[in-house]
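FYI, it's all coordinate maths here, none of it is from the lab. These numbers come from a predicted model, not from an experiment. We place every Cβ from the backbone using ideal geometry, glycine too, and count neighbours over all the protein chains shown.
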Amino acid sequence: MVIECKHVWNYISDYLDDSLPAETRELVQRHLEHCEICSAILDSTRNIVVLTGDDRVFELPIGFSERLLRRLAKEIGTGSSMPRENPAD
Amino acid sequence: MITSILAGDTEQYHELIRPYERSVYKMALSFMKDDSDAEDVAQEAFLKAFRKLADFRGQAKFSTWLISITLNEARGRLRRQGLVRMESLDETPEEGSHISPALLRDWREIPSEALERKEVRQMLEEAIGNLSPLYREVVLLRDVEEFSIEETAVALAITTGNVKVRLHRARMMMQKELAPRLKNVSQRRRWFQW
Ligand SMILES: [Zn+2]
C-alpha cells in the first residue's frame, strides 16, 4: 500500500512522538525514504520542536527570583530573613 | 518538604518552587506577551499555589499541578482584560480546515547554538505567541515544558486524543510560519562563523 504526501503530513506529529501504530509507521517510513519534500517537512518540524524546547527561549528576566522572593516574603512571610533590597518600601 | 511547609515552615516554600520558576514564567509570558504582566501572573500563581498547597495530594506531579494553576491564572487575567474570546466560541480545534505545512525540498539542520541570537529566539517566541490559546497551551506544555502527552492532557483537562490533534495542528502551524523564516536566517550566515 502506498500513501500520498498529504496523508503523510497528518502523521508527522505522531511520528515524532512515536505514537503511530506499527503498520502506519512503516507506511510513513517507506514514503519518507523516497520523498524529499515530506522528509524536509519532517526534519524541519522536528528541528523546530527541538528549538522550541531549548531553555534559551523565554528566558527568565534578570532579578526575577529576587523579586519573587520579596513578594512571597511580603504576602506570606517566607524568607523573612532575606535582606530587603529597598528597605523603604 | 510540603508537609513541613504546611506545618508552618513557610520559608521552605521558595526552595520548593525554585526549580519551577522558569516553567511558570514561560507559561505566563506566552499568554501575557508583556514581560511585567507575565512576571506578575507568575508571582500570583506562586502565591495561589502556596495558599492551595494543602489541597495538593500528590495525585499529580507537583510541576503539573503548578503549571495548571499558572494556566488558570493567565486565562483569568486575559478574560478580565477582555482580550480573549471564551474558548467555546473559539474555532473547534478537532474540526476545521486542514493545515498544510510549508513545502521544502531540503532542510538544513538549525543547531541549538542559533538561539544565542536574539533574532532567532524572538522568531520562536513570536510564533508561539501568535498561536491561538488552544494551540499555544499544548505547544507550551508538550514542546516547551516537555510534558508527556498524558501529563498535558491532565493539565488541560482534555483527552489524550485531543492533545494529539491540537499538538499536530500547532506543530504544523509552527512549521508553516517558521521553516521559511529560519531557512532564510541559515542562508544569510553560516553557523560556524559566529
Ligand atoms: Zn511525500
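Summary of values
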| quantity | calculated |
| --- | --- |
| Using alpha carbons only: equivalent-ellipsoid semi-axes of chain B, gyration tensor based, whole Å | 33, 21, 16 |
| Surrounding net charge for A:Ile37, when Lys and Arg each add one and Asp and Glu each subtract one, Cβ distance under 12 Å | -2 |
| Built amide H within the under 5 Å cut-off of B:Leu104, gap 5+ | A:Ile41 |
| Rg/Rh for the protein assembly as shown, where both radii come from Cα atoms and Rh is the Kirkwood radius | 1.02 |
| Local electrostatic count at A:Val28 - Lys and Arg +1, Asp and Glu -1, tallied over other residues with Cβ under 12 Å | -4 |
| Normalised alpha carbon radius of gyration of segment B:1-84 [divisor 2.2 N^0.38 Å] | 1.10 |
| Cα→Cβ-extended label distance, 7 Å offset, between B:Arg181 and A:Cys35, nm | 2.7 |
| Relative counts (whole %) of C-alpha pair distances in segment A:5-56, using bins that are 10 Å wide | 25, 53, 19, 3 |
| Chain B: calculated mean residue ellipticity at 222 nm from DSSP helix runs of at least 4, using -39500 (n - 2.57) | -19000 deg cm²/dmol |
